[in-house]
């Protein structure tokens, strides 16, 4: 059986729920810098062991897995320390904040090939996107030539009044847009050829956060597909993942009021998408991660694809700076 240490109990509470469901997990240790929050969570769930610090969990030889859900700026340091202490790592996105940190993580992972690590880009587990992936595999769309992927965060209060707004050089693409970048990589499995980027801060400039709350990237892939990726944290819009896929044989559109597949020429037939969206839980990748440790089952988000999505997001940041 495996023991897990969870750092950060915001979204980390969802990690906790996921781990508690698994028979393979024995003891669960928790830590949060907010002691009140930690006590509240410990009362809510039976049998938890409270840690004194993040390092206390990471360096504990009884712990096999470190699950990181702390603030973004702490992720890299905690990942490197966990790997150094021979822990498997499940980390919230982003795993780091810049290219230097990403290279350090990549180097450390290379030196620890037997350790498992993944990140929580959960949209791959959505029934809707699994259906789209299957249709792409079966050539339903024909040749895909253009895609739009928009991450409409719609939670301005969390940026203005929460911890995100206090992070130096906070990136909307690393924090949220990475979900759409991961979908792109999963859907098409192609490399980036070039990126053009644009950004502004209309929604947060009065708060003087120095954050580009809206960012758009035009990406050309090496297979010649053109992609528009956008990340809009300040929008007056429900939290939503907008997707449009254009192929030579079919089109798919997922907007807030329309979820249809379009096919046929000259008379276009419209078929409503009948799969669940989003249909995911923030603990949805935990079971796969634990099974990868125990049974060497393939990770839903493999290390190389986790690193690839990060690299693209960092390239987008360079393009919009």
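The table below lists the values:
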item	result
Test: residue in region 51-69 that is touching a residue at least 60 places away in the same chain (Cβ under 8 Å), in contact with a strand residue (DSSP E or B) (Cβ under 6 Å, 6 or more places away or on another chain) and part of a loop (DSSP other than H, G, I, E, B)	yes
Check on residue 232, touching a strand residue (DSSP E or B) at 6+ places or on another chain (Cβ under 7 Å), crowded, with 17+ Cβ neighbours inside 10 Å, under 19 Å from residue 175 (Cβ atoms) and modelled with pLDDT of 95 or more	yes
Any hit, region 101-112, residues being touching a helix residue (DSSP H, G or I) at 6+ places or on another chain (Cβ under 9 Å), more than 16 Å from residue 304 (Cα to Cα) and buried (at least 22 other Cβ atoms within 10 Å of the Cβ)	no
Which numbered condition residue 95 fails, given (1) within 23 Å of residue 283 (Cα to Cα); (2) part of a helix (DSSP H, G or I)	(2)
Residue ranges of helices (runs of 4 or more DSSP H) in region 116-222 with at least 3 members under 24 Å from residue 14 (Cβ atoms) and in contact with a helix residue (DSSP H, G or I) (Cβ under 7 Å, 6 or more places away or on another chain)	156-161, 178-188
Filtered residues of region 274-287 (kept if crowded, with 17+ Cβ neighbours inside 10 Å and in contact with a strand residue (DSSP E or B) (Cβ under 9 Å, 6 or more places away or on another chain))	277, 285, 286
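Conditions (1) out of contact with any strand residue (DSSP E or B) (no Cβ under 6 Å at 6 or more places or on another chain); (2) surrounded by fewer than 19 Cβ atoms within 10 Å (Cβ to Cβ); (3) at pLDDT 95 or above, marked per residue:
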residue	(1), (2), (3)
154	yes, yes, no
158	yes, yes, no
174	yes, no, yes
193	no, yes, yes
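The values are calculated or read from the model by the stated rules, or taken from the named source; none is laboratory data. Just so it is clear, the structure is predicted and the values come from calculations on it, not from any experiment. For neighbour counting, all protein chains shown are included, and Cβ atoms are generated from backbone atoms with ideal geometry for every residue, glycine included.
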